[in-house]
Every structure is written in C-alpha cells, then in structure tokens.
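Before any comments, here is the structure.
The values are calculated or read from the model by the stated rules, or taken from the named source; none is laboratory data. Treat the numbers as computed from the prediction; the structure is a model and nothing was measured. When we count neighbours, we look across all protein chains shown, and the Cβ atoms used for this are built from the backbone with ideal geometry, even at glycine. We work out accessible area using only protein heavy atoms, side chains counted, and drop any ligands, DNA or RNA first. Shrake-Rupley method; radii C 1.70, N 1.55, O 1.52, S 1.80 Å.
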2 protein chains.
Amino acid sequence: MGESKSIYDVIIIGTGIAGCSAGMYCGRFNLKTLVIGELPGGIITTTHLVENYPGILSIGGVEMGEVFLKHAQQFGAEMKFSKVIDVQRCAPPKDAKKLGIFKVKTSSEEFIGKTVIFATGTEHKKLGVPGEKELNAKGVSYCALCDAAFFKEKTVCVVGGGDSSAIEALILAQQCKKVYMFVRKDVLRAEPINYKKVMESKNIEVRLKTEIAEVRGTGKVESVLLKSGAATPGKQEEISMDGVFVAIGHVALSGIAEKLGVALDEHKQIKINRNSETNILGVYAAGDVGDTAFKQAITGASEAVIASYFAYQYLQKNEFGYYCE
Amino acid sequence: MGESKSIYDVIIIGTGIAGCSAGMYCGRFNLKTLVIGELPGGIITTTHLVENYPGILSIGGVEMGEVFLKHAQQFGAEMKFSKVIDVQRCAPPKDAKKLGIFKVKTSSEEFIGKTVIFATGTEHKKLGVPGEKELNAKGVSYCALCDAAFFKEKTVCVVGGGDSSAIEALILAQQCKKVYMFVRKDVLRAEPINYKKVMESKNIEVRLKTEIAEVRGTGKVESVLLKSGAATPGKQEEISMDGVFVAIGHVALSGIAEKLGVALDEHKQIKINRNSETNILGVYAAGDVGDTAFKQAITGASEAVIASYFAYQYLQKNEFGYYCE
C-alpha cells in the first residue's frame, strides 16, 4: 500500500484546446482536476490565424492557446507543464464493489486519478527520406508560421497535398521569393477558400505527382532531389532549395494510451464513441488523438466537454479504491 | 417541371448557435448556403451570461448570438429570418444516377436545396396546468432573463429541478423579494457551482416534492395552488404569487423533420450519428434538436461543423436532379 496521496477526480493529459476545455468543464463540475502536458496551449499555438472556430471571428493561434489555458484555470483546474511518460492502472481495490484508479507518471512525479482523459493530440508526420532528420532545424521544418521569417526572399518547398500544406504555402509566399508545393497525388485537396488563394498566388508553383527522394546539403538544406516521374523517366530532377516544409499530416500521440490497453484504430487514433468513452471504464479521449473523421478545434473542444460530463456522471455513480502501489 | 430556380447547395434551418456555425463552415467550403430561421441568434439570446463556451471566457447571451450571426455572414452564407413551415422531397430526378433535392417552404416563399441541415433547436416545455396558458405573459414566463425586471421586489416561483431552473432562480433572486423553487423530485439536480449558490441565497426557498396544480389570478397571476403532498395530505396549499417561471426543460422542434420522414427518438429528438447524418441521405441535424446526451452550445456548434463537412463531401461526390415540381 502506497503512502497517502492526494487523489484527483480526473487527470487530463494534454494542455491544448481539448485538454483545457475538459479542464474548464471539470472545474465547473467541482471535480478535483489536474491538466498536465508539455505544450501550453497545444498545437494551435503553431497556427497563424484561426477564423473558423465558431463564435471567435478571428484570433491568433498563440492568443487562442492562452485564452483556453486561462479558461481552464478560471474554474479551478490545476495545471502542470510536464511530459507524461506512462499511465498505469493501480492494483485493483480489495473491495470488489469499488472501482480501480490510475497512476499518471512524469519523469519525476506521480499523480493518482479516478479517471483519465487523453487529450494528447498529434505530432507532425515525417517524410522518412535521407537528409530529413540530419537537416532538421537546418532548413527542414514542420511549422511555416514558426520558421517563415528565416526564409525571407529565399526559395522553399512545402511537401503535402492537403489543406494544411496550402496554408503553409500561403504563409511562406508572403515572405519567400519562391514557394514550390510538392503534391504526391494528382490533386491538391485544400479548402476551396485556400485553394483559390494558392492558385492566384504569383510565387507559388504547385507540382502534382511529385515526391522528394532526398534532402541534400552540408550543414544546411541546399537542394532537394525529386523521385523520377513520368515527365523525366529515369532522370531525377534536383532543385536548389533553402528550406523544406513538411506538411503531410499528423500522427496521433497515442503510445501511452495504447500501453494502458486503450483500443486504437488503424491510424493509431484512440477509438471513442459519442460519449468520448474509450474501451476502458473511466478512460476518455478528446481532440486530435481521437478517431473523429473531421478534426477541428471546435470538435476537439466539444469532445472534451462531453468527456467531462461522462466522467462526472461516472464519478457520481461509483466508489473507488483509494490504494495504489 | 418547375420554373428555373436558384438552387442552394445547403439550406440550414435555424439561426441559433448550431445554424450559424453550419452557415460559417458551409460558407468556407464555398457552398451556396442559406441559413433560415425565426429567432436571430437562437435560444442562447435568452441566456444572461455564458461562461462555459470553451475559448470565450464570458459573454452575454444576446452578444453571443450576434457574434455567431456575424461569423456565418462573414463567409458568405445568405441569411433569412422567417419561419419554415414545411420541408419536402422534390419529385425524384428522371436520371436514376442523380440524387433528389429538397424544397423548404415558409408561408410566402420556397427555396430549393440539395442538402438540408436541421438546426431547429427546442422550445420551452409547458406545465400543462389550468391557468398556465390563460396567464401566459401575464405573470407566467419561460425566461427569467427576459422578464425578471417586471418582478422587482415581488414574490415569484421557479418550477423545475434541473440546472436551468437553478440559473433562473439565481437571476430572479437578484431582483425579487422572494423566490420559491418548486422541484417535483426529491433532489435539485443543478451543476454543483449553481447548486451551492442556490443554497447560499437568502431569498430562495427550495421546496422538494412539490408540484403546481393550478395557476390562479384574474388578468394576472395572483397565486398558485399546489398539489396535495405528504406534508399536507388531502389539503392543497395556496401561495400568493406574482410570477411563475416555468423551467422544466425543452421540447425538440422536430415536427417538420418528422413529417419529412427523419427518424426521431422517444423524446422526439432527431437521431444523428457521429457524422451528424440522419436516416435520410442529404439530411443532417445539429444542436439542441438532436439526440445528444449532453447538450451545450459547444456540442451544437461542433455537430454543425461536422454536418457541414459531411454535406460538403456528399455534394462533391454526387450529382443532383435539378427539377422540382
């Protein structure tokens, strides 16, 4: 039996839009709440402008993260900025009528909670080509907003064929001399509003059915080597380049959840139902880490609110074993 | 074959939080969008302060409605304030590969749309006791925020045992001399934060297991007659009263949807899935009219965004018959 520890009603892992929204609602439900994560405000803070969150006409990404953090704290959620490295079930309580609880670990601390909400989000997917890792932060970047200023009047490329790659290209086009968009498929699938802007931009060149084979350079990015394509069979084009912005999507940060036994889908996203419940009793998920088809800040916030409500109901209806090894 | 009419990609019925959120996203998707409904801003405009919409720390209900209307219009959604009285399927197109479309009617106009999103919300549930209808707006009210000022230093009662009845009572307690809360069950199920405030209020008296049998008065509310209870078996207590605020929940405004053939649950709420789809292809629902367990502004906005996304996908993938009788 471990020492007596303060027990949280709910531990929310993630300090982004979803984590903070859950923190706010759990606070309003008078639950003893911990919100813990690495990145204050979450991945939205790497976004330039957000104009599609219903009810907020226009807001900077950094400012939006700050508002959400404040909203959670306003209703009493405790907040810690550290990396969670493991979540375990505690030993089952001796009284069979009581339900088990969870242990959440960082490298230096442990927290005990009756319920857990995973709002761990995603990270940027890597290209996986030679040179990408070696030249990371030496011309290879995953965030135009963060790094565009380093490439003033330079030539850069954005790799990716979705809406976020279009947004990255538009941000870069404001400062760079030339922006290539390398799209693997034969179509750029951007939101119509962004598609139009890309097509009208004078310094963006979209190259469809184009993939990077290698990022080259000594100490910094100097060129990219393309895979040989239909246009130049057998021959690989090399293009001088100062920066490579990778925007090919995200990977769900679900490793800790998976280890706990939470069910994932084929994209490693946490499976949730309309109640934001996972397959494990007392464990919920919300936001980008979940298996929702259309992921937006608003859908993540909503899932978090729903997770909070069902966690609250679950806490009201059950008794818990308070001992954790 | 009817005359040539302008065809909307999507017609959103309802001008509240959900309707406007759908309008905003459909606009961003470059869809020809009509948002049509009776009450600009929706039922949130009858709320005093909203402090639980993630990302907006505190906002008045009226102001919140205005922001959502503006957000929808900002991205090109057309908006009309009139009551929709019927939605019909148009005659099936002659080309079997094409999909049918819908006709949306007000008392004076008709609109044609390829898809429909129901965001029609709810209305206040009635008590159904003698005197309620007769004294409506003569002391009987369904909105403390709208009418509290008429009852300064008066005695009023709130009927209902949920969170919204607690909020109504708290609003009234600021102005009225005395506020009774009549709760049918043996418990007041308010959010803990509001429960505490009610209990601490000096001029709110909560009466559990108490129901109104009749609202009495000539030309205006003068008293309420309670049903005989355990405390006074056989005898019905009559209490002098200036105002009766009914807060016993809401009824989904799903009549038009039901007539179209949209599947409802046992509470007459529109059944939707995680994609905000109904049982009818091309028909979606979002917000309070849906069968979501925990209904909040944020969940309605999210459902609306999801409905917009799936309507957009559906419109991209299909061809439609353009003729409507």
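For the reader, a short list of remarks on this structure follows.
- Pairwise Cα separations in chain A fall into 20 Å bins from 0 onward with the following percentages, short to long: 30, 49, 20, 1.
- Qualifying lysines (Cα of each under 16 Å from Cα of residue A:177; at least 8 residues distant if same chain): A:152, A:154, A:202
- Lys/Arg +1, Asp/Glu -1 at C-beta; the protein assembly as shown dipole; positive extreme among B:56, A:203, A:304: A:304
- Distance between region A:251-322 and region B:279-325 - C-alpha centres, whole angstrom: 24
- The C-alpha atoms of chain B define a longest principal axis, and helix B:61-74 lies at about 0 degrees to it.
- A DSSP coil position with no more than 11 other Cβ atoms inside 10 Å describes the following GluC sites (Glu not before Pro) in region B:182-289: B:266.
- Annotated for region B:10-129: lysine pairs at least 8 residues apart or interchain, Cα distance under 24 Å, count 26.
- Annotation for the B:A interface, with buried accessible surface near 3800 Å², both sides summed [1.4 Å probe; non-protein components not counted].
- Most mobile of B:193, B:256, B:13 in a GNM of chain B (Cα contacts under 10 Å): B:193
- Projected label points at residue B:185 and residue B:240, each 7 Å from Cα along the beta carbon direction, are separated by 3.4 nanometres.
- In this view, the solvent-accessible surface of residue A:51, computed with a 1.4 Å probe and all protein chains in place, comes to about 60 Å².
- When the surface is traced with a 1.4 Å probe over the full set of protein chains, residue A:250 keeps roughly 80 Å² accessible.
- Over the protein assembly as shown: helical MRE at 222 nm, DSSP H runs n ≥ 4 each giving -39500 (n - 2.57), nearest 500: -7000 deg cm²/dmol
- Assuming charge only on the beta carbon of Lys and Arg (+1) and of Asp and Glu (-1), the dipole of region B:126-246 about its Cα centre is about 100 debye to the nearest 20.
- Cβ charges +1 (Lys, Arg) and -1 (Asp, Glu), total dipole of the protein assembly as shown, debye: 400
- Shown for residue B:70: label points 7 Å from Cα along the beta-carbon vector, and their distances to the equivalent points in the other copies, 1.8 nm in ascending order.
- Summing Cβ point charges (Lys, Arg +1; Asp, Glu -1) relative to the Cα centre of chain B gives a dipole of roughly 220 debye.
- Across the protein chains, with a 1.4 Å probe defining accessible surface, the residues B:241, B:79 rank B:79, B:241 from largest area downward.
- Folded to 0 to 90 degrees: helix A:17-28 orientation relative to chain A principal axis, Cα: 20
- Dipole of region B:126-246, positive direction: furthest Cα of B:142, B:161, B:171, with charges on the beta-carbon: B:161
- Taking the DSSP beta bridges with both ends in region A:126-246, the antiparallel portion is around 30 percent.
- Chain B versus the axis that turns it onto chain A: the residue with the nearest Cβ and the distance in whole Å amount to B:302, 2.
- Point-to-point label distance, residue A:85-residue A:150, nm (Cα→Cβ direction, 7 Å offset): 2.8
- Ligands, DNA and RNA aside, residue A:268 has an accessible area near 100 Å² when probed at 1.4 Å.
- Centroid-to-centroid, using Cα positions, region B:178-222 and region B:19-37 are 40 Å apart.
- Label reach from residue B:280 (point 7 Å along Cα→C-beta): in region B:91-114, amide nitrogens under 16 Å belong to B:91-93, B:99-106, B:111-114.
- With a Cα cut-off of under 18 Å and a minimum spacing of 8 residues unless on different chains, the lysine pairs in region B:205-325 number 7.
- Other-copy label distances relative to residue B:83, 7 angstrom Cα-Cβ extension, nm: 6.1
- Among beta bridges from DSSP that stay inside the protein assembly as shown, the antiparallel ones total about 40%.
- Once the Cβ-Cβ distance of residue A:220 and residue B:313 is raised to the sixth power relative to R0 = 30 Å, the FRET efficiency obtained is 0.10.
- Heavy-atom SASA rank of A:45, B:218 (probe 1.4 Å, accessible area, largest first): B:218, A:45
- Shortest first, residue A:196 label-point distances to identical copies amount to 5.0 nm, with the label point at 7 Å from Cα along Cα→Cβ.
- By accessible area with a 1.4 Å probe, ligands and nucleic acids excluded, highest first: order of B:48, B:71: B:48, B:71
- Structural size metrics of region A:1-136, computed from C-alpha coordinates, are Rg and Dmax of 17.6, 57 Å.
- Computed from Cα positions, the angle between helix B:297-317 and the longest principal axis of chain B comes to roughly 10 degrees.
- Cα-based shape type of region A:126-246, given that a ≥ b ≥ c are square roots of the gyration tensor eigenvalues and the cut on a/c is 1.5: oblate
- Part-to-part distance (alpha-carbon centres) for region B:82-114 and region A:151-168, which is given in Å: 42
- Within the straight-line cut-off of under 12 Å between alpha carbons, the aspartates and glutamates reachable from residue B:138 are B:147, B:222, B:242, sequence neighbours fewer than 8 places apart in one chain being disregarded.
- Scaled to the globular estimate 2.2 N^0.38 Å, the Cα spread of the protein assembly as shown, given as radius of gyration, is 1.08.
- Per residue value of the accessible surface for region B:172-266 (all protein chains in place, 1.4 Å probe), Å²: 55
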